[in-house]
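Below is one structure, written out as structure tokens, with a few remarks after it.
The values are calculated or read from the model by the stated rules, or taken from the named source; none is laboratory data. The model shown is predicted, which means the values in this text are computed figures rather than measured ones. For accessibility, only protein heavy atoms count, side chains too; no ligands or nucleic acids. Shrake-Rupley method; radii C 1.70, N 1.55, O 1.52, S 1.80 Å.
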Amino acid sequence: AAVSESELRDIRLLKARIENERLPRGIEPARHVKLGPGGLSDVEWTIQLIQMRAGRDNAGLRTQSTTGAIEAACEAGLLVAPDALTLLRSWELATRIRAANVLATGRMSGVKLDVLPRDSAELRALAAILGYGSDGLNALEEDWLRAARKARDVMERIFWEQQ
């Protein structure tokens with residue numbers, strides 16, 4: 001195997017440690033599009049584990065592109081299509097939220113860029129930038145929370161449970 005049981009355990013311990021230590025204090029985990037459940041980190045760790053386990057035998061997995069690796073894993077039968085689509089949707093929406101936060105705030109860095117805002121004015125601006133319209137703040141919030149929840153379910157099944 002490309003990844004030994006000992007290495008798999010170490011990878012999982014590192015992911016758990018990062019989950020416990022990296023999320024900024026005072027931020028709701030479900031609203032953090034990078035480090036929260038179902039966010040960019042979950043998607044990337046999941047696909048990177050698949051890459052480590054099967055990349056030696058599958059050239060399509062040897063890519064730095066998260067979306068390309070997800071598609072390659074699906075094509076190789078390492079991810080079923082619904083799981084691949086779930087991971088892609090979460091990753092793409094999280095990426096769009098981060099980019100929209102940059103546009104909405106004019107800042108290129110800071111803790112808030114990785115967070116779906118709670119403040120209705122900030123959320124309304126983000127929704128408008130993302131094409132939801134000025135009244136789409138609830139739809140944006142629901143879309144993110146749903147996408148993240150589904151991606152976390154896939155991540156937990158593939159990253160934590162597969163041997």
Q: Would you please give the residues with an amide H less than 5 Å from that of V115, counting only those at least 5 places away or on a separate chain, with H modeled from the backbone geometry?
A: V33
Q) Tell me which lysines have Cα within less than 18 Å of K15's Cα, excluding those fewer than 8 residues away on the same chain? A) K34
Q: Sum -39500 (n - 2.57) across every DSSP H segment of at least 4 residues in the chain, then divide by the residue count to get the 222 nm mean residue ellipticity, nearest 500.
A: -19500 deg cm²/dmol
(Q) With angles folded into 0 to 90 degrees, how steeply does helix 40-54 sit against the dominant principal axis of the chain? Use alpha carbons for both and round to 10. (A) 20 degrees
(Q) Taking the 0 to 90 degree range and rounding to the nearest ten, how far is the long axis of helix 120-129 tilted relative to the main principal axis of the chain, both from C-alpha atoms? (A) 70 degrees
Q.
Please list, in order along segment 6-16, the HN-Hα scalar couplings obtained from phi with the Karplus expression 6.51 cos²θ - 1.76 cosθ + 1.60 (θ = phi - 60°), rounded to whole Hz, x for Gly and Pro.
A. 5, 5, 4, 4, 5, 4, 5, 5, 5, 4, 4
(Q) How large is the convex hull of the C-alpha atoms of segment 35-87 per residue, in Å³? (A) 64 Å³
Q. Do you know the relative contact order of segment 50-93, to the nearest whole percent, from alpha carbon pairs under 8 angstrom that are 6+ apart?
A. 27 percent
(Q) Once neighbouring chains are kept in place and the probe is 1.4 Å, which whole percent of the accessible area of segment 84-163 is contributed by carbon and sulfur? (A) 51 percent
Q: Just need the relative contact order of segment 1-87 here, percent rounded to a whole number, with Cα pairs under 8 Å and 6+ apart.
A: 19 percent
(Q) Give me the percent relative contact order of the chain, please, defined on Cα pairs under 8 angstrom at least 6 residues apart. (A) 27 percent
Q: Name the shape class, rounded, prolate or oblate, that the alpha-carbon gyration tensor gives for segment 1-111, where a ≥ b ≥ c are the square roots of its eigenvalues, rounded holds for a/c under 1.5, and otherwise prolate holds if a/b is larger than b/c and oblate otherwise.
A: oblate
